[in-house]
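A.B. asks: The structure is given below, and queries will be raised subsequently.
The values are calculated or read from the model by the stated rules, or taken from the named source; none is laboratory data. In this text the structure is predicted, and so the values were computed from the model without any measurement. Neighbour counts are summed over all protein chains in view; Cβ atoms, including those assigned to glycine, are modelled from backbone coordinates with ideal geometry.
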Amino acid sequence: MLNSLSGRFLILTAIFVMLAEVLIFVPSVARYREDFLLSRLERSQIASLALLAGEEISPDLEEELLANAGVFNIVLRRDEARQLMLDSPMPEPISRTYDLRDTTALGLIRDAINRLMTPEPEVIRVMGEPLRMGGLLIEITMDTAELRSAMIDYGLRILVLSAVISIITAVMLFVAVRIFLVKPIKRVVGNMKTYAESPEDARGFIMPSAGVIELREAEETLQVLQTQLTHALRQKERLAQLGGAVAKVSHDLRNILTSAQLFTDRIEMSEDPAVRRLAPKLVGSIKRAVHLCESTLAFGKAEEPSPTLAIVPLAEIVEDVLASERLAVGEESGIAFHDDVPEGMTIRADAEQLYRVIANLVRNARQAISASGGQGDIWLTAEEDDKAWYLRVRDTGPGLPEKARDHLFTPFQGGARKGGTGLGLSISADLVRGHGGNLALSDTGDDGTTFLITLPKGSFGTL
């Protein structure tokens, strides 16, 4: 209960109301003390009226008048002359004097706090202006015991009243919060739980109905989020089903095409000039179809395994990639491979996955140069700083067309050459992201293309 929103709101409301009442309490007590002293001055002035009429009073009557006024003596100043109107013995000397004619609010508060903090009774002198132009000044001496007792009694009544007000206010606010805030919030939470149990069911969408603007905005945002998420889940499910079907078809088709590829090897040995002329085209078509099936199967896997990071020599990986590519193109291809990787440079990566990334980029560069019908060069360079390792694959090919740049890392859309699927770059980008790095197109144009692989060192330093 106390940990709930309404419970905490109840406690905070009570605390804040009490703090507000405490801030009001001190000025109220100071004002009460001033009114108490002014009332004693007024009663003392009334008690002295008998002497102003010129009548003689008996000692007993004088004592009774002073007792009714609650003072020890009364001094009235009229026409610059001070006159002791009523007098009685004082139990002790005067300890303090208070002039109510020119006191300030801070002074009244200070004097009130001092009186409450002083439990011992004192005899004080109080000065003020007489009522109804009854003189220039009236002075009285009095005991503070009754004053302090009256101030404490008034303060306790103020505190009790404050507590009652704070409780009533807190309860009313508690009920209001429960109705106008907590109830709509619980409705939103309940809808979220219901939607989480079956996100594909559109009946679980929230219908905004809150009267509070902020809550209604939250409900509308949640409704948009639920709609988009349900649509994405349905699309993902359809794509997963489609991907499964495509993977099965590609698997069987790859087997069929592999068998067909074996027959084309025999066809190339035919003596028929027409057959020998058409055989290379058939072989090329079948190879492209096999490559498409293999790429589709590779991309259709549920997910790439997480990289097994280790310290690996980068130069050896680069040399393996370039050796394979040199064998693939032969010595008469006109394509030259160069590497500028510092000897002994190590890198923290999964050796197998990094090999696949570099091989994909080098193969794409080689195919781009071959497709242009000319000769070219491919460079692999590497460098590092305190934050990351940087690998660049640069070629002198014709550059990437604008369509390929727009969807460079999108499966089946980023292919730059005819017959390409674009899966190589997509898979490579995923592998680099698995290392916490980034694969990006650095630049491309008529003089060639450069890809940049960035692998962060992170908190592992040179590891």
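A.B. asks: Would you mind telling me which numbered condition in (1) at pLDDT below 90; (2) touching a Phe, Trp or Tyr at 6+ places or on another chain (Cβ under 7 Å); (3) part of a helix (DSSP H, G or I) Arg363 fails?
C.D. replies: Status for Arg363: all satisfied but (2).
A.B. asks: Sticking with this structure for a sec: Within the bounds of the stretch 440-458, is there any residue that is modelled with pLDDT of 90 or more and touching a Pro at 6+ places or on another chain (Cβ under 7 Å)?
C.D. replies: Scanning the stretch 440-458 turns up no residue that is modelled with pLDDT of 90 or more and touching a Pro at 6+ places or on another chain (Cβ under 7 Å).
A.B. asks: Inside the stretch 369-409, can you point out the residues that are part of a strand (DSSP E or B), within 38 Å of the chain's Cα centre (by Cα) and not hydrophobic (A, V, I, L, M, F, W, C)?
C.D. replies: At the first step, the residues of the stretch 369-409 found to be part of a strand (DSSP E or B) are 376-384, 388-395.
Still in the list and also within 38 Å of the chain's Cα centre (by Cα): 383-384, 388-392.
Correct list: Glu383, Glu384, Tyr390, Arg392.
A.B. asks: How about the stretch 94-124: which of its residues are in contact with a strand residue (DSSP E or B) (Cβ under 7 Å, 6 or more places away or on another chain) and over 15 Å from Leu38 (Cβ atoms)?
C.D. replies: Of all residues in the stretch 94-124, those in contact with a strand residue (DSSP E or B) (Cβ under 7 Å, 6 or more places away or on another chain) come to 94-101, 111, 121-124.
Listed by number, the residues that qualify are Ile94, Ser95, Arg96, Thr97, Pro121, Glu122, Val123.
Residues checked against (1) of a type outside the set (Asp, Glu); (2) exposed (fewer than 15 other Cβ atoms within 10 Å of the Cβ); (3) part of a loop (DSSP other than H, G, I, E, B):
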{"position": "Ile109", "(1), (2), (3)": "yes, no, no"}
{"position": "Ala112", "(1), (2), (3)": "yes, no, no"}
{"position": "Arg115", "(1), (2), (3)": "yes, no, no"}
{"position": "Pro119", "(1), (2), (3)": "yes, yes, yes"}
{"position": "Gly135", "(1), (2), (3)": "yes, no, yes"}
{"position": "Ile138", "(1), (2), (3)": "yes, no, no"}
{"position": "Met142", "(1), (2), (3)": "yes, no, no"}
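A.B. asks: Restricting to the stretch 92-107, and then to whatever is outside any helix (DSSP H, G or I) and within 19 Å of Pro27 (Cβ to Cβ), can you tell me which residue is modelled with the highest pLDDT?
C.D. replies: Within the stretch 92-107, the subset outside any helix (DSSP H, G or I) is 92-104.
In the following step, the residues that additionally are within 19 Å of Pro27 (Cβ to Cβ) were identified as 98, 100, 102-104.
Working: Tyr98: 90, Leu100: 87, Asp102: 80, Thr103: 82, Thr104: 86.
Here the residue is Tyr98.
A.B. asks: Scanning for something surrounded by 13 or more Cβ atoms within 10 Å (Cβ to Cβ), closer than 30 Å to Ile11 by Cα and assigned by TED's automatic domain parsing to the domain that holds Phe25, does the stretch 84-107 turn up at least one residue?
C.D. replies: Within the stretch 84-107, not a single residue is surrounded by 13 or more Cβ atoms within 10 Å (Cβ to Cβ), closer than 30 Å to Ile11 by Cα and assigned by TED's automatic domain parsing to the domain that holds Phe25.
A.B. asks: Exactly one of (1) under 38 Å from the mean Cα position of the chain (by Cα); (2) at pLDDT below 80; (3) not aromatic (Phe, Trp, Tyr) is unmet by Gly415. Its number?
C.D. replies: (1)
A.B. asks: Which condition does Asp153 not pass, out of (1) surrounded by 15 or more Cβ atoms within 10 Å (Cβ to Cβ); (2) under 27 Å from Ser95 (Cβ atoms); (3) charged (D, E, K, R); (4) out of contact with any strand residue (DSSP E or B) (no Cβ under 9 Å at 6 or more places or on another chain), if it passes all the others?
C.D. replies: Single failed check for Asp153: (1).
A.B. asks: Further question on the same structure: Taking the stretch 187-215 only, how many residues are more than 16 Å from Ala232 (Cα to Cα), surrounded by 13 or more Cβ atoms within 10 Å (Cβ to Cβ) and free of Cβ contacts under 8 Å to residues at least 24 places away in the same chain?
C.D. replies: Going through the stretch 187-215, the residues more than 16 Å from Ala232 (Cα to Cα) turn out to be 187-194, 197, 203, 206-215.
Next cut, surrounded by 13 or more Cβ atoms within 10 Å (Cβ to Cβ) only: 187-188, 191-192, 194, 206, 208, 210, 212, 215.
If we keep only those that are free of Cβ contacts under 8 Å to residues at least 24 places away in the same chain too, we end up with 187, 194, 206, 208.
Of the residues in the stretch 187-215, 4 are more than 16 Å from Ala232 (Cα to Cα), surrounded by 13 or more Cβ atoms within 10 Å (Cβ to Cβ) and free of Cβ contacts under 8 Å to residues at least 24 places away in the same chain.
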